[in-house]
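Reading through the structure tokens given below for one structure.
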Amino acid sequence: MKRIDMFLKTVSACLLLSAHCAFGQNASIPEVHGIAVDNIERSVRPGDDFYRFANGNWIKRVEIPPDRAVMNVWTKLDDLSSQRTADLIKDLATSNPPAGSNLRKVADLFNSYMDEAAIEAKGLTSVKPHLDAIAAIRDRKQLAHALGETLRADVDALNNTNYHTPNLFGLWVAPGFNDSDHYTPYLMQGGLQLPDREYYTSNSESMQKVLAKYQPHVAAMLKLAGFSDADARAARILELETAIAKTHRTLAENEDIHKANNTWGRAEFAAKAPGLDWDEYFKGAGLSRVASFIVWQPEAFQGESALVASSPLESWKDWLAFHLIEAHAGVLPKVFAAERFAFFGKELSGVQQQRPRWERGVSVVNGYLGDPVGQVYAQKYFPPEAKEKAQKMVAELIAAFRKRIEALTWMNPSTKAEAEAKLSTLYVGIGYPETWHDYLNYEVKPDDIFGNIWRGDLSEYRRQVARLGKAVDRKEWSMTPQTVNAVNLPLQNALNFPAAILQPPFYDPAAPAAVNYGAIGSVIGHEISHTFDTEGSAFDSKGRVRNWWTPEDLKHFEAATAKLAAQYDTYKPFPDLAVNGKQTLGESIADLAGLSAAYDGYKASGQVAPPVDGFSSDQQFFVSFAQNWGENVREATLRQLVMTDGHPPGEYRADTVRNIDAWYSTFEVKPGEKLYLAPEERVRIW
Ligand SMILES: [Zn+2]
């Protein structure tokens, strides 16, 4: 679940951005077994711009292909994983697996996605019954029922950190904030097609330009679907979405879990958020029997519910129809996908050309049947010795982290004890999960891609609803083995390191320790330290929301993290747009703590790399870290990320080094150089 390919989200919200991922990439290529010397720009002084020092020549050399929004050296690893996954899927697609088996479902799903002739021939016949049902809505009661029927398990607040759903609301089923032993329903704000409220409410020129192009896109989609008065309808839809956007919390507010911990009994919704007929809504959603929910953004529920009562019924019906078409554009005739790409790909992200259909097909299969593909992938590409080596490295990083906690002078013993309990109960999944999803209730037909997508979303929703109240499986994964990423699951006190990230150039058994600790070591440290970032530190060793801090420890932690947020607030990728230090704080803390632990782990290994092109072992460690973050990003995409992503841009992630004392001595960084911070200005947290 990477953060970039939003415009590829043609069929399901499950392919969205993530905030707890490491999103790393290393500039070395597998054949090199060490830092990528060719990428270093020696004319840049490390103390002035460490990011460009480590990556400058790569940045100049690499162009962004027309069908991409971003290039980083990590792209190469992602391509490798995609290619391998595609080969597996294509093999299955022609090998006629037994009827009813998961592998048969993989084959049928992929083949039905690839059969463009059949999709063209069908036209709108698959979507027509759903559009007719929307047209038949006569009153607000029926509207409430229809809105309830759109609810899907398509948001995920803390794991893959996806706060966005185009449906009115989104459901996330996860361990409870207040009862982490049982699965609990979380409801979250929704209703927007654009990635965030900012797109509707910002006064900045670049944002208003995007919004001005959005309305014609809405009209074009409606026209393609045969609606009359498409322009007028589009204007009303935009007006409604803008009103919805104004009720939404910002991303930085969404990340505050204390503000999100609001339990509402089902019967209380009518009084707490009047407007929407909640009984009908929950009936439509199949949730009438659920006693209570955690409502992430109460004021958005109040605002959106009131809008269901106050905005014209016809506006809501147009909104429902448009959202249905937009969500399925990728599996409707080509003109729909092309129009969607023209806006979401070109305008919103700056990409010039769609990815090839087979790549989009692989994404769809990974999204709906990721486990059976991952099972085959792990068998083929992740041998037991790779697993053993990765486990060893993770154990070393945890040990380094434990030592850092023990050595903290500002922290009281009682707080330290719980922090250490969190480390010792941490479940670390390496490579692939211990159990796999069964997909028994997911029916896939060889000639019905629209139905396959529809049923896929619905069967995942029902699987999640069926888990409510049941005991939590702490070893469950939230990423597939073929994903080049890593994740921290705070409510399970668990980490996942998929097979696809545990390979060169991230982790190269033939590279020196300095380089591996700088690259994968800092990624592992990053994920471990999410356990102790602003969000993670609110959960105890059992995954419960509990304040386990003494008041003075918490005060110190908050002061130190505020200092880090202020440091990131000064970073300005554009003259009119700065990084939001609060929005990216969890990731910045994880980067800093991860780098610190990786450095300790590297030092504890006692291994010294031979010099490479005059770079010492310690220099190789820091360069290797910074080469994780080299990237070329299209301007529109970078703007989008600065506003909607929990991660800071790669440049500032690389510059994390300026808070580490050892970096100063390693590169002889002096006062007056641009990244120089006096010792007391350097942020030290964990
Ligand atoms: Zn992260």
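The values are calculated or read from the model by the stated rules, or taken from the named source; none is laboratory data. Predicted, not measured: the structure shown is a model, and the values here were computed from it. A quick note on method: Cβ atoms are made from the backbone with ideal geometry, for glycine too, and the neighbour counts reach across all protein chains shown. In case anyone asks, the SASA skips ligands and DNA or RNA and just uses the protein heavy atoms, side chains included. Shrake-Rupley method; radii C 1.70, N 1.55, O 1.52, S 1.80 Å.
Just one of the listed residues (335, 308, 290) is out of contact with any Cys (no Cβ under 9 Å at 6 or more places or on another chain), surrounded by 18 or more Cβ atoms within 10 Å (Cβ to Cβ) and of a type in the set (A, V, I, L, M, F, W, C), and it is 308. Scanning the stretch 88-106 for residues that are assigned to a helix (DSSP H, G or I) and touching a helix residue (DSSP H, G or I) at 6+ places or on another chain (Cβ under 7 Å) yields 88, 89, 92, 93, 102, 103, 105, 106.
Can you find even one residue in the stretch 442-456 that is in contact with a Phe, Trp or Tyr (Cβ under 6 Å, 6 or more places away or on another chain), under 18 Å from residue 154 (Cβ atoms) and open to solvent by less than 30 Å² (accessible area, probe 1.4 Å)? Yes, that holds for at least one residue. Among what's in the stretch 564-579 and is closer than 19 Å to residue 636 by Cα and more than 16 Å from the ligand (Cβ to nearest atom), pick the residue that is surrounded by the fewest Cβ atoms within 10 Å (Cβ to Cβ). The qualifying residue surrounded by the fewest Cβ atoms within 10 Å (Cβ to Cβ) is 575.
The single condition among (1) modelled with pLDDT under 95; (2) touching an Asp or Glu at 6+ places or on another chain (Cβ under 6 Å) that residue 358 does not satisfy is (2). Does residue 375 qualify as being under 24 Å from the mean Cα position of the chain (by Cα) and part of a loop (DSSP other than H, G, I, E, B)? The answer is no for residue 375. Residues in the stretch 580-629 that are more than 16 Å from the ligand (Cβ to nearest atom), farther than 15 Å from residue 397 by Cβ and of a type in the set (Phe, Trp, Tyr): 615, 622. Taking the stated definitions as given, is residue 153 over 22 Å from residue 242 (Cα atoms), open to solvent by 10 Å² or more (accessible area, probe 1.4 Å) and of a type in the set (A, V, I, L, M, F, W, C)? Yes: the conditions hold for residue 153. In the set (1) open to solvent by 10 Å² or more (accessible area, probe 1.4 Å); (2) away from the ligand (no atom under 16 Å from the Cβ); (3) not basic (Lys, Arg), the condition left unmet by residue 553 is number (1). For residue 403, the test of being surrounded by 15 or more Cβ atoms within 10 Å (Cβ to Cβ) and in contact (Cβ under 8 Å) with a residue 12 or more places away in the chain is failed.
The set of residues in the stretch 638-685 that are touching a strand residue (DSSP E or B) at 6+ places or on another chain (Cβ under 9 Å), of a type outside the set (Asp, Glu) and part of a helix (DSSP H, G or I) comprises 638, 639, 641, 642, 643, 650.
Name every residue in the stretch 171-220 that is touching a residue at least 60 places away in the same chain (Cβ under 8 Å), open to solvent by 30 Å² or more (accessible area, probe 1.4 Å) and either more than 24 Å from residue 583 (Cα to Cα) or not polar (S, T, N, Q) (or both), in order of residue number. Within the stretch 171-220, 178, 179, 181, 182, 198, 205, 213 qualify. The listed residues are 645, 661, 591, and the only one of them that is touching a Lys or Arg at 6+ places or on another chain (Cβ under 9 Å), among the charged types (D, E, K, R), under 26 Å from residue 536 (Cβ atoms) and open to solvent by 10 Å² or more (accessible area, probe 1.4 Å) turns out to be 661. Just the residues that are on the phi < 0 side of the Ramachandran plot and surrounded by fewer than 24 Cβ atoms within 10 Å (Cβ to Cβ), please, taken from the stretch 597-613. Residues satisfying the conditions are 600, 603, 604, 605, 607, 608, 609, 610, 611, 612. For the stretch 503-518, taking the residues that are surrounded by 24 or more Cβ atoms within 10 Å (Cβ to Cβ) and in a loop (DSSP other than H, G, I, E, B), the one that is nearest to the ligand (Cβ to nearest atom) is identified as 506. Screening residue 428 on (1) open to solvent by 10 Å² or more (accessible area, probe 1.4 Å); (2) within 30 Å of residue 113 (Cβ to Cβ); (3) touching a Leu at 6+ places or on another chain (Cβ under 6 Å); (4) at pLDDT below 95 shows it passes everything except condition (2).
Taken together, the residues in the stretch 560-603 that are farther than 22 Å from residue 663 by Cα, part of a helix (DSSP H, G or I) and modelled with pLDDT under 95 amount to 1. So which residues in the stretch 210-255 are touching a Ser or Thr at 6+ places or on another chain (Cβ under 7 Å) and modelled with pLDDT under 95? 251, the sole residue that qualifies.
Of all the numbered requirements in (1) surrounded by fewer than 20 Cβ atoms within 10 Å (Cβ to Cβ); (2) in contact (Cβ under 8 Å) with a residue 40 or more places away in the chain, residue 655 misses one, and that requirement is (1). Considering the stretch 527-544, and only residues there that are part of a helix (DSSP H, G or I) and either away from the ligand (no atom under 11 Å from the Cβ) or modelled with pLDDT of 95 or more (or both), the residue that is nearest to residue 184 (Cα to Cα) turns out to be 538.
In the stretch 492-510, the condition of being over 29 Å from residue 434 (Cβ atoms), more than 24 Å from the chain's Cα centre (by Cα) and touching a residue at least 60 places away in the same chain (Cβ under 8 Å) is met by at least one residue. Checking each residue of the stretch 565-587 against the condition of being free of Cβ contacts under 8 Å to residues at least 24 places away in the same chain and either under 19 Å from residue 34 (Cα atoms) or acidic (Asp, Glu) (or both) gives at least one match. When the stretch 32-87 is filtered for residues that are of a type in the set (Gly, Ala, Ser), part of a loop (DSSP other than H, G, I, E, B) and open to solvent by 30 Å² or more (accessible area, probe 1.4 Å), only 43 remains.
For the stretch 419-502, the strands (runs of 3 or more DSSP E) that sit wholly inside it and include 1 or more residues that are away from the ligand (no atom under 16 Å from the Cβ) and closer than 27 Å to residue 83 by Cα are 427-431. For beta carbons closer than 8 Å, sequence separation of 6+ or different chains, a first residue in the stretch 666-686 that is polar (S, T, N, Q) and a second that is in a loop (DSSP other than H, G, I, E, B), the qualifying pairs are 666/616.
All conditions in (1) of a type in the set (D, E, K, R); (2) within 16 Å of the ligand (Cβ to nearest atom); (3) touching a helix residue (DSSP H, G or I) at 6+ places or on another chain (Cβ under 6 Å) hold for residue 645, with the sole exception of (3).
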